[in-house]
Every structure is written in C-alpha cells, then in structure tokens.
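The values are calculated or read from the model by the stated rules, or taken from the named source; none is laboratory data. Since the model is a prediction, treat every value here as computed from it, not as a measurement. With ideal geometry, Cβ positions are generated from the backbone for all residues, glycine too; neighbour counts draw on all protein chains shown. The accessibility values were calculated without ligands, DNA or RNA, using every heavy atom of the protein model including side chains. Shrake-Rupley method; radii C 1.70, N 1.55, O 1.52, S 1.80 Å.
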Amino acid sequence: MLYYLFEYLDQQFDLAGAGVFQYISFRAGVGIVLSLLITIFFGKRFIAMLQRQQMGETIRDLGLDGQLEKKGTPTMGGIIIISAIVIPTLLVARIDNIYVILLLITTIWMGMIGFVDDYLKIKKKNKEGLSGKFKIVGQVVIGMIVGIVMVTHDDILVRDFSSADQQIVTQAVDSEEFVDVKSTITTIPFVKNNEFHYKWLLPDFLQDYTDILYVIAVIFIVTAVSNGANITDGLDGLAAGTSAIIGITLAILAYVSGNLIFADYLNIMYIPGSGELVIFCMAFVGACIGFLWYNSYPAQVFMGDTGSLSIGGVIAVLALVVRKELLIPVLCGIFVIENLSVIIQVSYFKYTKKKYGEGRRIFLMSPLHHHYQKKGVHETKIVTRFWTTGILLAILTLATLKLR
C-alpha cells in the first residue's frame with residue numbers, strides 16, 4: 001500500500017525521497033524491520049493473551065530430559081509469524097504482483113489449517129487434533145491452486161534469450177531480443193545448461209499433458225515441505241531458526257532471478273516480476289528471527305502447527321516460483337532428513353514386526369532431533385548444530401549458481 005502511496009506522491013507532487021520506494025532493496029529493508037518490530041513488540045502481548053485463554057501445550061511424556069517442564073507453554077505462536085509476514089508485505093510490496101498474491105494466499109491458507117489443528121488439540125482437548133487426511137486435503141488443495149496458477153496465469157513467464165546474440169543480451173530490454181514464454185522449465189543444480197523441462201519426463205505422445213505432471217509435482221512438493229517443517233518443529237528455536245536461514249537463501253535467489261544483469265552474469269533463468277519476492281522473503285526472515293526472541297530456549301511460546309505448516313508451505317511455494325524446487329533436497333536438507341528419519345523408523349519397525357514378530361528401531365526415537373535427545377545431548381546444542389548444518393546447506397545451494 002505504501003508503494004502505491006509514495007508512487008503517487010512522487011509522480012503528482014515530485015515529493016523529495018518518495019522515489020526511494022521504487023527500489024526493491026529499500027522496501028525489503030523496510031519489510032524486515034517492520035516484521036521484527038511486530039514480532040518483538042506485539043509478541044509479548046499476544047503470548048499474555050494466549051496464557052489468559054489457557055492455550056497451553058499438552059505434553060506427552062516421551063521420557064526426554066526437560067520435556068515435562070514445557071507443559072502449559074502457550075502454543076499457536078504461529079499467528080505472530082503469519083501477522084509479521086502478511087502486514088509488512090501488504091504495506092511495502094506490490095500487491096498486484098501474482099507471485100506476492102500466491103505467497104500471501106499460501107501463508108494464510110496453511111496457517112488456517114494449522115490453527116484448526118492447534119485449536120482442536122488445546123481447546124477441545126483432542127490429542128490427535130485435525131485428522132491427518134484433512135491436513136493432506138488442505139495441502140493438496142493449496143498445491144493444486146499454486147500449480148494451476150503457475151501454468152495458466154499470463155504474468156507467470158520466463159524470459160527466453162535463446163534467439164538473441166550474446167552481446168545484445170545485456171541490452172535485451174531495449175533491443176527486444178527476447179521473448180517471454182510460459183513454460184514448466186526449472187533449474188537443475190550442478191548441470192552445465194542448468195535447465196530442466198518437466199516434459200522430458202514424458203514420452204513424446206504424452207507431452208501435451210506436461211502441465212498436469214507439473215501440477216502433481218507442485219502438490220507433492222508443497223505437501224512434503226510443509227510436513228517436513230511440521231516435523232522439525234520439536235525443539236525450542238529449531239524450526240524458526242532453520243526457516244530463517246532458508247528464507248535468506250531464497251531471498252538471494254529471488255533477487256538474482258528477478259534482476260536482468262545478475263541473471264545474465266550468472267547465466268541463470270531470468271523470471272520477470274520475481275524480484276518483488278525479495279520483500280516477502282525478508283518479511284518472512286524477520287518474522288522467523290523475531291519469533292526466536294520468545295521461542296529460543298527456554299521457549300515462552302511455541303509456533304504450533306499454525307506456524308510450522310505455514311512456513312513449510314511458504315518455503316515450498318517460494319522455491320517453486322523462483323524455479324528452484326529441485327534444490328529443495330539441498331536447501332531444505334534439515335526438513336528432508338527429519339522427514340526421512342520418521343519414514344525410515346516407521347517402515348523398519350513395521351517390516352521387522354512382520355518378519356520377526358517384534359518391531360525394531362533404527363533410531364532411539366524419531367524425528368532425528370529426538371534421537372540425539374535420547375543420547376543425552378542438550379537441546380540447545382542440537383539446535384545449534386542443526387542451524388550450523390542448515391547454514392552449510394544454504395551456502396552449497398548458493399554455490400550451485402556457479403558450480404556446474
């Protein structure tokens with residue numbers, strides 16, 4: 001909203017300094033500052049309100065050190081994160097940008113699913129919360145919406161310079177030596193040409209159905225990443241800190257993908273309009289970092305499914321719209337490992353129970369962070385080491401821009 005206000009003041013009254021709102025870097029800075037202020041200054045009041053409403057977490061005794069001490073800690077703190085993302089984005093981003101609209105819808109939609117789950121657990125004393133099948137349905141619906149919009153919306157394009165002379169590319173906007181096309185093309189890491197077409201997965205006679213395949217892939221990615229973030233949210237500060245690292249990385253990827261000069265220099269896909277996502281990304285990062293003010297050990301509030309499902313969905317959609325979804329196994333390696341630890345543990349337990357009559361375990365407990373807790377490692381050390389691993393994975397992700 002402020003973008004349009006200052007654009008009007010600049011054009012109509014030539015107001016000194018109003019033109020600075022045209023710069024993505026400035027608005028991204030404003031976005032992260034607003035996000036931090038919202039989480040830090042309004043977070044305390046919101047936590048007090050949750051305490052008055054007796055929205056405390058119910059803790060199952062899993063035999064973990066310090067676990068029962070967390071009983072009664074307010075949950076649904078994800079509302080703080082969502083507010084700190086949505087409000088700054090509405091204020092300083094261009095809200096007519098289709099990418100920004102998609103991310104706002106995803107944030108609110110996934111937050112609503114998580115809210116219902118948390119509400120049933122806390123207020124209705126339903127330990128299972130929202131049924132797993134209803135969660136999956138909600139994730140599938142938003143995945144389908146994102147996928148369909150990605151393949152049908154007129155403003156979602158990639159720029160093709162294949163017919164332009166290399167020397168003209170840096171002046172392509174003026175020389176018109178390019179064409180913006182609709183495509184399901186994406187980025188594949190460590191490969192020279194750095195491009196992957198979903199149609200390559202289909203035989204020639206089925207390539208007319210590439211869009212359907214892409215929508216299915218989007219649904220899978222959104223579901224997997226949101227569940228990965230949900231599973232990772234098990235220790236104080238773990239999910240929020242890991243997500244902040246991922247958010248910074250995605251902000252960099254969005255910036256270079258939406259900047260013609262950087263995209264040309266790095267020889268990566270240029271995506272018109274994607275630069276506006278930097279503002280959303282920085283609001284997202286500010287929300288996660290600001291949330292750590294109250295969520296770091298010992299946590300004064302938990303994000304709950306309201307927050308974890310939302311940040312997972314946001315990360316998935318961000319990766320999709322900047323065409324970097326094939327980097328998710330690297331960038332979101334913490335989420336992937338946590339998810340796999342649960343899948344491996346459950347599968348192996350069922351297999352051994354069927355074969356030997358007694359279920360056996362690979363990990364002392366899953367997800368993986370609980371395995372280390374069972375080994376006696378303090379949760380702050382586990383969280384710090386997971387953050388460190390996340391930073392290394394983020395650096396490796398950014399290195400793929402040049403390592404081919």
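Here are some notes:
- Of all residues making up segment 232-264, the number that are buried (at least 21 other Cβ atoms within 10 Å of the Cβ) and charged (D, E, K, R): 2
- Cβ pairs under 7 Å, 6+ apart, first in segment 294-308 and closer than 12 Å to Asn230 by Cβ, second open to solvent by 10 Å² or more (accessible area, probe 1.4 Å) and in a helix (DSSP H, G or I): Asp305/Asn230; Thr306/Ile79; Thr306/Phe115; Ser308/Asn230
- Scanning segment 192-229 for residues that are free of Cβ contacts under 8 Å to residues at least 12 places away in the same chain and part of a helix (DSSP H, G or I) yields Trp200, Asp204, Phe205, Leu206, Gln207, Asp208, Tyr209, Ile212.
- Within segment 349-382, the set of residues being of a type in the set (A, V, I, L, M) and in contact with a His (Cβ under 8 Å, 6 or more places away or on another chain) comprises Leu364, Met365, Ile382.
- Condition check for Arg323: in contact with a Ser or Thr (Cβ under 6 Å, 6 or more places away or on another chain), open to solvent by less than 10 Å² (accessible area, probe 1.4 Å) and outside any helix (DSSP H, G or I): yes
- Segment 265-297, subset farther than 21 Å from Val100 by Cα and surrounded by 24 or more Cβ atoms within 10 Å (Cβ to Cβ), residue farthest from the chain's Cα centre (by Cα): Asn295
- Residue identified as more than 18 Å from the chain's Cα centre (by Cα) and modelled with pLDDT of 90 or more among Ser35, Ser83, Ser25: Ser25
- Scope segment 337-371; condition touching a residue at least 12 places away in the same chain (Cβ under 8 Å), open to solvent by 50 Å² or more (accessible area, probe 1.4 Å) and β-branched (Val, Ile, Thr); matching residues: Ile337, Ile344, Val346, Ile362
- Number of the condition not met by Gly147 [criteria: (1) within 30 Å of Met55 (Cβ to Cβ); (2) modelled with pLDDT of 85 or more; (3) not hydroxyl-bearing (Ser, Thr, Tyr)]: (1)
- Pairs with Cβ under 7 Å, 6+ apart, first in segment 384-404 and buried (at least 16 other Cβ atoms within 10 Å of the Cβ), second not in a helix (DSSP H, G or I): Thr400/Pro189; Thr400/Phe190; Leu401/Ile268
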